[in-house]
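The values are calculated or read from the model by the stated rules, or taken from the named source; none is laboratory data. If you're wondering where the values come from, they're calculated on a predicted model, not measured in any experiment. Cβ placement follows ideal geometry from the backbone for every residue including glycine, while neighbour counts extend to all protein chains displayed. With ligands, DNA and RNA removed, areas are computed over all heavy atoms of the protein, side chains included. Shrake-Rupley method; radii C 1.70, N 1.55, O 1.52, S 1.80 Å.
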Amino acid sequence: PPLVGKQHSVPTFNLMVMPTRGQSIFLFYLVAINIIFCCVDYKSHQPNSWYASSTQEIRSFVGNRTGALSLVNIALAVFYAGRNNVLISLTDWSHTTFLLLHRWVASIATLQACIHSAIYLYNYMESGEHATEAKLDYWVWGVIATLGMVFLLPTSILPVRQKFYELFLAWHVVLSFFIIIGSLLHIILRFSKQ
């Protein structure tokens, strides 16, 4: 049975497909575990040479973790989108279920990327380093990846997919390519081999 209403796999508010109760439990788990991982176990160690205040230190830790989790969730979203996903045979779940998970995980990754970007934008503007950092290649590629995710999300809603599927699919693949390349270059250029 569906989470709400009498039928599942039908459009709800013409934006999404209503998940079943079982799918909803798993989606709740995915959302909850991501919230927990984003919010727990931050400790400030002041004074130190990296951060001027404990607030900036904790903000940076949250920014780092949301960025890392976003990248992990991007990989998971790509994995869930595949038709020959090995989990389909292991779990006996349908491809439709994995597409539902793909959409939710991609949405979570987008939110995490936006939080990551907003925190670092704020930190660099507060410290007066934004003008120099924004010119660096790692920053530009991070912006490309985040904006790609932000543009991809609203263009993936149900009415767009239904009316312009071929265009949606091509747009989806091209933007996903830039998101993945942008994310990897962001990390490589920022951290090198650290």
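Checking the stated criteria, D92 turns out not to satisfy the condition of being at pLDDT 90 or above and among the acidic types (D, E). For the range 99-119, residues that are without any contact (Cβ under 8 Å) to a residue 60 or more places away in the chain and touching a Gly at 6+ places or on another chain (Cβ under 8 Å) total 3.
To keep it simple, each residue is scored yes or no on (1) modelled with pLDDT of 85 or more; (2) small (G, A, S).
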{"position": "N14", "(1), (2)": "no, no"}
{"position": "V31", "(1), (2)": "yes, no"}
{"position": "K43", "(1), (2)": "yes, no"}
{"position": "S49", "(1), (2)": "no, yes"}
{"position": "Q56", "(1), (2)": "yes, no"}
{"position": "N64", "(1), (2)": "yes, no"}
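Please note which helices (runs of 4 or more DSSP H) are completely contained in the range 84-194 and include at least 2 residues that are open to solvent by less than 40 Å² (accessible area, probe 1.4 Å). So that I can check it myself, show each step before the final result.
Details: elements: 86-91, 95-127, 130-133, 137-152, 158-163, 165-191.
Result: 95-127, 137-152, 158-163, 165-191.
Look at the range 154-179: where a residue is farther than 20 Å from V17 by Cβ and at pLDDT 90 or above and a partner is open to solvent by less than 40 Å² (accessible area, probe 1.4 Å) and among the small types (G, A, S), sitting 6+ places away or on another chain with Cβ atoms under 8 Å, you get L175/G148; S176/G148; F178/A145; F178/G148; I179/A145; I179/G148.
Screening the candidates N48, N34, N64 for the property of being exposed (fewer than 11 other Cβ atoms within 10 Å of the Cβ), polar (S, T, N, Q) and out of contact with any Gly (no Cβ under 6 Å at 6 or more places or on another chain) yields one hit, N48.
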